[in-house]
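No lab work stands behind these numbers, since they all come straight from the coordinates. None of these values were measured; they are calculated from a predicted model. Glycine also receives a Cβ, built like all others from the backbone with ideal geometry; neighbour counts cover every protein chain displayed.
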Amino acid sequence: MTAHLDGEIRDGRHHMQVRVYYEDTDFSGIVYHANYLRYMERGRTNHLRLMGAEQQALFEPTETESAGFAFVVRSMHLDFLKPARMDDVLDIVTWPVAVKGASIMLAQEVRRGEDVLVKAEVRVAFISGGRAQPIPKSIRTLMKADLIS
């Protein structure tokens, strides 16, 4: 029972809360910029888990279609709008924007209440044998199902 740890999907968007700890901040007491990447990675991972597919279980059948595959972040565009500070409770929001041949485009936001602190566009590519490959049907179906909701 980790649903509360993994967040929840509401209106087609994954929401996951994280608390900012001292270790997340820099000398000035605000969240160090690289830690937002960690929060967003957790959001993307938990999004998949709540869609019914832990990454290991999701990818096992795929290995027969494309052995030695991986998802890699191909590109990210981030806008740092406002700082977060120690003890803030942040909402990491993730949703798919498009599923294309060999990539998935996701949007993410880090929010504190109604304030959007960081916006991100993340393109994740499917790689097999060292080259971009079409996303296998099992994964494409899962992501498109979420796009419809």
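Here r is the Cβ-Cβ distance between LEU81 and LEU5 and R0 is 30 Å; the resulting FRET efficiency, rounded to 0.05, is 0.65. Partners of LYS137 within straight-line reach, counting lysines whose Cα lies under 24 Å from its Cα and excluding those fewer than 8 residues away in the same chain: LYS100. Extending 7 Å from Cα along the Cβ direction at GLU41 and again at MET105 yields two label points whose distance is 2.5 nm.
Projecting label points 7 angstrom from Cα along Cα→Cβ for PHE27 and ASP115 puts them 2.4 nm apart.
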